[in-house]
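To keep things clear, I will list the structure first and then write my remarks on it.
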Amino acid sequence: MAQVHSSIDPDEVARFSALADRWWDATGPFAPLHRFNPVRLGFIRDRVAVHFGREIRQARPFSGLKLLDIGCGGGLLSEPMTRLGFEVTGVDASEQNIGAAGAHAEAQGLNIDYRASTAEALLEQDRRFDVVLNMEVIEHVADPRRFLLDTARLVAPGGMMIVATLNRTLRSLALAKVGAEYVLRWVPAGTHDWNKFLTPEEIRSFADGEPLAVDGPFGVTYNPLSGQWRESQDASINYMMIVTPL
């Protein structure tokens, strides 16, 4: 049998697996993601609503749509997406993360299809989703181009993928790497490898020659006075992009 290609980086999986029981601790190592979640959720909700013509003031505006949260971690996005009406599949390469996510969802009475798996395995199963969330994952894989193209192939016709990552700039080195890990201690030292951050131009280049449209970047910035994140024209540190099959 031919070996299935994998973009998974075992060292990255092990690093996050070691923190699996802390995902839902809002003051723990994933506190930055908890603070980041409102702006991510708003961006996803608004862009998906426009794309599919849904009314966000409804109780479950995205009922009938299938969503994949790839690299779902402990389920910080999977749970609110389920509450918005999506049929959610959460996939992570770490069995420990999936165990933590499943236990938390069960305690909340949420039905989420959590799987310790990979994008490549889903492709072999011929799975397709209306929305794919590729959030803060691509900078942690061994082969980002292959990962982007594989996850894009999981998008059903007429669907969309949202990619969130960190820009490789001197500003992100100072703030997202040195500042966040060693000065503010928002995340454990070694969480990020600045050399693996990706520029928006690189994300676009991954799709060159492929039947994909790439929109963005849509910047996200942090206001230290309010302690909140907001959408911004500044994409020098955090940004999101939208990928749609043609």
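Confirm whether Ala100 is modelled with pLDDT under 95, under 20 Å from Arg35 (Cβ atoms), touching an Asp or Glu at 6+ places or on another chain (Cβ under 7 Å) and outside any strand (DSSP E or B).
yes
How many of the residues in segment 150-191 are more than 15 Å from the chain's Cα centre (by Cα) and either of a type outside the set (Gly, Ala, Ser) or at pLDDT below 85 (or both)?
26
Name, by its number, the condition in (1) part of a loop (DSSP other than H, G, I, E, B); (2) under 16 Å from the mean Cα position of the chain (by Cα) that does not hold for Leu110.
Here Leu110 clears every test but (2).
Mind counting the residues in segment 113-131 that are part of a helix (DSSP H, G or I), closer than 18 Å to Cys72 by Cβ and out of contact with any helix residue (DSSP H, G or I) (no Cβ under 7 Å at 6 or more places or on another chain)?
Of the residues in segment 113-131, 2 are part of a helix (DSSP H, G or I), closer than 18 Å to Cys72 by Cβ and out of contact with any helix residue (DSSP H, G or I) (no Cβ under 7 Å at 6 or more places or on another chain).
In this structure, does Leu133 turn out to be buried (at least 22 other Cβ atoms within 10 Å of the Cβ), closer than 14 Å to Leu33 by Cβ and among the hydrophobic types (A, V, I, L, M, F, W, C)?
So Leu133 fits the description; yes.
So for segment 24-33 (the condition being outside any helix (DSSP H, G or I), modelled with pLDDT of 90 or more and among the β-branched types (Val, Ile, Thr)), does at least one residue qualify?
no
Take the conditions under 26 Å from Gly209 (Cα atoms) and touching a helix residue (DSSP H, G or I) at 6+ places or on another chain (Cβ under 7 Å) and apply them to Pro157. Does it pass?
For Pro157, the condition - under 26 Å from Gly209 (Cα atoms) and touching a helix residue (DSSP H, G or I) at 6+ places or on another chain (Cβ under 7 Å) - is not met.
Residues checked against (1) at pLDDT below 95; (2) surrounded by 17 or more Cβ atoms within 10 Å (Cβ to Cβ):
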{"position": "Asp46", "(1), (2)": "no, no"}
{"position": "Arg54", "(1), (2)": "no, yes"}
{"position": "Arg57", "(1), (2)": "yes, no"}
{"position": "Arg60", "(1), (2)": "no, no"}
{"position": "Val91", "(1), (2)": "no, yes"}
{"position": "Asp113", "(1), (2)": "no, no"}
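Condition first: surrounded by fewer than 21 Cβ atoms within 10 Å (Cβ to Cβ), touching a strand residue (DSSP E or B) at 6+ places or on another chain (Cβ under 7 Å) and touching a residue at least 12 places away in the same chain (Cβ under 8 Å). Can you find one or more residues in segment 80-88 that meet it?
yes
If I go through segment 139-149 residue by residue, how many of them are modelled with pLDDT under 95, surrounded by 17 or more Cβ atoms within 10 Å (Cβ to Cβ) and among the hydrophobic types (A, V, I, L, M, F, W, C)?
1
Within the group Gly74, Gly64, which residue is surrounded by 23 or more Cβ atoms within 10 Å (Cβ to Cβ), without any contact (Cβ under 8 Å) to a residue 60 or more places away in the chain and out of contact with any strand residue (DSSP E or B) (no Cβ under 7 Å at 6 or more places or on another chain)?
Criteria check complete, one pass: Gly74.
Does Arg230 qualify as being surrounded by fewer than 17 Cβ atoms within 10 Å (Cβ to Cβ) and either touching an Asp or Glu at 6+ places or on another chain (Cβ under 8 Å) or part of a strand (DSSP E or B) (or both)?
yes
With the checklist (1) more than 24 Å from Asp193 (Cβ to Cβ); (2) outside any helix (DSSP H, G or I); (3) in contact with a strand residue (DSSP E or B) (Cβ under 6 Å, 6 or more places away or on another chain) in hand, flag the one item Asn134 doesn't pass.
(1)
What single numbered condition from (1) of a type outside the set (Phe, Trp, Tyr); (2) modelled with pLDDT under 90; (3) closer than 22 Å to Ala142 by Cα; (4) surrounded by fewer than 16 Cβ atoms within 10 Å (Cβ to Cβ) fails to hold for Glu210?
(2)
The values are calculated or read from the model by the stated rules, or taken from the named source; none is laboratory data. As the structure is a prediction and not an experimental result, all values here were calculated from the model. Positions of Cβ are backbone-derived with ideal geometry, glycine not excepted, and every protein chain shown enters the neighbour counts.
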